[in-house]
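First up is the structure itself, then whatever we jot down about it.
The values are calculated or read from the model by the stated rules, or taken from the named source; none is laboratory data. Source: prediction; values computed, not measured. For neighbour counting, all protein chains shown are included, and Cβ atoms are generated from backbone atoms with ideal geometry for every residue, glycine included.
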Amino acid sequence: MPSWFKNPVVQKPSKSKYEKYPNPKRTKSPSVSKPSFPRILGIEATCIVEEAPNGEFEKGQIVMTAMGGMGLFFDGGYAEYTVVPSNQVQAITTPTKLGLNLGAHVTATSRRTDRESMLREHGADEFLLEDGDLAAQLAAKEFNRKFNKILEMVGTATLKDSLKCIAQDGTLCVAGRVGNEWIVKDLNVLFDIPWGSKLTVYGEMTPEFMSTPLNDLT
């Protein structure tokens, strides 16, 4: 256990964490500090607490953690067990389905058709197969159909297509960067960002993560 953690928590990430991104390549970002090696990557994790020496959490409790040096300076979410400071851990007390608390109609996407049943089980009302042109799929379903909110989890690789799907006065938030691309190529801010819409980013720093109302969103 790293001796420099003031209040460490030993956690075992859920199995689905590994299945989601089996071959991470996040260290190529020009804006991310270089990790120390050897290192197991993974900058966030949904975990089951194995040990909390100072009693902040109970063994077996479901928690989430992100950033704060995970996967860079100590082993991250792809490890069988990870040790993180307790001040970057949130307990999950209301494990409801995606979007249920907000009353949202949720559309989920994946590049794999076999993920549809899993996504619907976790709260998705609708499924779209990610083919690089979701805007065309929406247009085929309903003329000029758009989304009020988009959570972009792949990142810059699919951002321009996602921007075509956002409604006027809608908000698109880039919350993930797993497409192994860090720069948006040939982005024209006057034409690619729809008029009246908002483009923002979740910075994934520890204070932001800890202030995120996860139990209202999960």
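What number of residues within segment 130-160 satisfy the criterion of being in contact (Cβ under 8 Å) with a residue 24 or more places away in the chain and within 13 Å of Arg111 (Cβ to Cβ)? Total satisfying the criteria: 8. Scanning segment 177-196 turns up no residue that is at pLDDT 75 or above and closer than 22 Å to Val63 by Cβ.
Just so you know, in segment 197-218 the residues that are surrounded by fewer than 15 Cβ atoms within 10 Å (Cβ to Cβ), of a type in the set (A, V, I, L, M) and under 26 Å from Asp161 (Cβ atoms) include one that is modelled with the lowest pLDDT, and it is Leu217. Taking each residue of segment 181-202 that is without any contact (Cβ under 8 Å) to a residue 24 or more places away in the chain and looking for partners that are acidic (Asp, Glu) with beta-carbon atoms closer than 9 Å, six or more apart or interchain, yields Asp186/Asp192.
Restricting segment 57-74 to residues that are surrounded by 14 or more Cβ atoms within 10 Å (Cβ to Cβ), more than 18 Å from the chain's Cα centre (by Cα) and in a loop (DSSP other than H, G, I, E, B) leaves a set whose member that is modelled with the lowest pLDDT is Phe73.
Assess whether Gly77 counts as being under 17 Å from the mean Cα position of the chain (by Cα), surrounded by fewer than 19 Cβ atoms within 10 Å (Cβ to Cβ) and under 22 Å from Tyr202 (Cα atoms).
Values: under 17 Å from the mean Cα position of the chain (by Cα): yes; surrounded by fewer than 19 Cβ atoms within 10 Å (Cβ to Cβ): no; under 22 Å from Tyr202 (Cα atoms): yes.
The answer is no for Gly77.
Every condition in (1) under 15 Å from Val106 (Cα atoms); (2) out of contact with any strand residue (DSSP E or B) (no Cβ under 6 Å at 6 or more places or on another chain); (3) among the charged types (D, E, K, R) is met by Asp169 except one, and the failing one is (1).
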